Amino acid sequence: MQKVRSTPPTYAAGTFPIPLVQRCSPRRVQERLRSRSEQCSECRAVEDMISDATTRIFAPDSKLHLNPIGSSPLTATDLTRVLDHLSTRPREFSMRLTEPDLTVTMRYGKLAADKPDSAVDDLLAAWNARMAECIQTMKGHTNWVISVAFLPDGAMVTGSWDGTTKLWDKRGVCKTTMKHSGAVRCIAVSPDGSTIASGGTDRKIKLWRRGRLVKTLEGHTRDVRSVGFSSDGKTLVSGSYDNTVRTWDVATGVCRTMEGHSDLVLSVAISPDGKTIVSGSKDKTIKVWVAESGRLEQTLEGHTNSVAAVAISPNGALLASGSGDHTIRLWDTRTWECVAVLRGHASFVRSVAFSPDGRTLASGSWDNTIKLWSIASGECFETLRGHDDWVRCVAFSPDGSTLLSGSDDKTAK
């Protein structure tokens, strides 16, 4: 797992009251925050403003000054780190070091200086290194980790080519192992967390509750490559190497088959309102289906290689697709037009996931990295490194503060 800043900073420079913080220890900052909040009629605003000024300040020496417009500088003299995280609200602010002509600006979670300086570069590297930390590595699978997901309570699920699906608690301790008769290619968790679905090379979809197999859905004639639940948990959608998309009634097991792709179906997703299903395929297209009838509504073209990943934003306004052409495309779900192409990965984009607030997109790639993208700007504001092999899958925690990833290095982070 990696701690991530899921909302790229966009806060206007110099609009928070630095003098409120002064030169304090973390405990004193928190005490001042409580005291000020009790006195102020806009308590939440004050808390957020102080948080903006104290989020992940990392200063191993006395060189770092915060110098917002219209207030006195704050020197992080006695601190190694002021506060980790008091608020997730967007923020952007400028900083100045003791060198009078050097300005440091934070944008999209990264600090950068306006001119080179070796000492400053070391300081900024220390800051930037702490912005997204790997906080846990889960080992236990004996082959590639193909799919990952969070439960609503923060527990985690991983599916692997070793034929198992594992349930982990929030500390990263494996609590349950569920077995397929073949490799596991995909997993999904129902919105209420009660049911885990897993699909694999045995052509079956298995439904699990509390680690027990409660139902097996059969119908696909080749590997089940992708699964996803509707927002009410009553419908499951699946995509397969048999070139079909299927919807399943979770209670009865009754399925509908949607045909239209000319090659392997690699990814599926269902809209938050349950009315639309999208599927990505090795045929380089994305198809849009009417969930209720199974009718093909639209075919989206633009990628020049397999579409391995699709995800719909929490508000249903955007579709993200990841491809073997190394790009991510964003599509407007009202018009189904491509509104942005995100470039930066050096290899196959294997997984995409929106943060719960819809402001950030995470992508996992065969270049061994995970990238975080601002939906508003289309810019990559963070690249996470740590896996030793292809990144197969990414998923955000329910609160958006943590990202879970799976890799061919047999670990989940």
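The values are calculated or read from the model by the stated rules, or taken from the named source; none is laboratory data. Computed from a prediction, not measured in an experiment: that's the story for all the values here. In this analysis, Cβ positions are derived from the backbone assuming ideal geometry, glycine residues included, and neighbour counts consider all displayed protein chains.
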Residue 341 vs. criteria surrounded by 20 or more Cβ atoms within 10 Å (Cβ to Cβ), at pLDDT 95 or above and not in a loop (DSSP other than H, G, I, E, B): no
Meets criteria (modelled with pLDDT of 95 or more and over 21 Å from residue 229 (Cα atoms)) for residue 266: no
When residues of the range 301-316 are limited to those that are touching a strand residue (DSSP E or B) at 6+ places or on another chain (Cβ under 7 Å) and assigned to a loop (DSSP other than H, G, I, E, B), the one nearest to residue 376 (Cα to Cα): 313
Subset of the range 380-400 (residues that are buried (at least 18 other Cβ atoms within 10 Å of the Cβ) and either more than 12 Å from the chain's Cα centre (by Cα) or not in a strand (DSSP E or B) (or both)): 380, 381, 386, 387, 390, 391, 392, 397, 400
Test for residue 177: is it polar (S, T, N, Q) and either under 26 Å from residue 280 (Cβ atoms) or more than 26 Å from the chain's Cα centre (by Cα) (or both): no
Selected residue (criterion: surrounded by the fewest Cβ atoms within 10 Å (Cβ to Cβ)) from residues of the range 209-245 that are small (Gly, Ala, Ser) and under 19 Å from residue 183 (Cα atoms): 211
Residue list for the range 122-168, filter: touching a strand residue (DSSP E or B) at 6+ places or on another chain (Cβ under 6 Å) and modelled with pLDDT under 95: 124, 126, 127, 128, 130, 132, 133, 134, 135, 138
Filtered residues of the range 246-273 (kept if of a type in the set (A, V, I, L, M, F, W, C) and exposed (fewer than 15 other Cβ atoms within 10 Å of the Cβ)): 251, 254
Hits in the range 278-311 - residues which are under 26 Å from residue 359 (Cβ atoms) and either at pLDDT below 95 or β-branched (Val, Ile, Thr) (or both): 278, 286, 288, 307, 310
Among the candidates 206, 215, 170, 175, residue that is part of a loop (DSSP other than H, G, I, E, B) and in the same structural domain as residue 398 (by TED's automatic domain parsing): 170
Residue ID - surrounded by the most Cβ atoms within 10 Å (Cβ to Cβ), chosen from residues in the range 319-333 that are under 18 Å from residue 283 (Cα atoms) and charged (D, E, K, R): 329
Some residue of the range 346-355 being surrounded by fewer than 19 Cβ atoms within 10 Å (Cβ to Cβ) and either of a type in the set (Lys, Arg) or farther than 21 Å from residue 150 by Cα (or both): yes
Within the range 183-202, tally of residues that are touching a residue at least 24 places away in the same chain (Cβ under 8 Å) and assigned to a loop (DSSP other than H, G, I, E, B): 7
Scan of the range 401-413 for residues that are part of a loop (DSSP other than H, G, I, E, B) and hydroxyl-bearing (Ser, Thr, Tyr), ordered by number: 401, 411
Residue match in the range 204-217 (condition: under 21 Å from residue 261 (Cα atoms) and of a type in the set (Ser, Thr, Tyr)): no
Strands (runs of 3 or more DSSP E) lying entirely in the range 242-300 (those with 2 or more residues that are in the same structural domain as residue 226 (by TED's automatic domain parsing) and touching a residue at least 40 places away in the same chain (Cβ under 8 Å)): 244-249, 265-270, 276-281, 286-290
Qualifying residue in the range 291-301 (condition: farther than 30 Å from residue 255 by Cα and either surrounded by fewer than 17 Cβ atoms within 10 Å (Cβ to Cβ) or aromatic (Phe, Trp, Tyr) (or both)): no
Among the candidates 336, 366, residue that is under 15 Å from residue 147 (Cα atoms), surrounded by fewer than 21 Cβ atoms within 10 Å (Cβ to Cβ) and either at pLDDT 95 or above or outside the structural domain of residue 186 (by TED's automatic domain parsing) (or both): 366
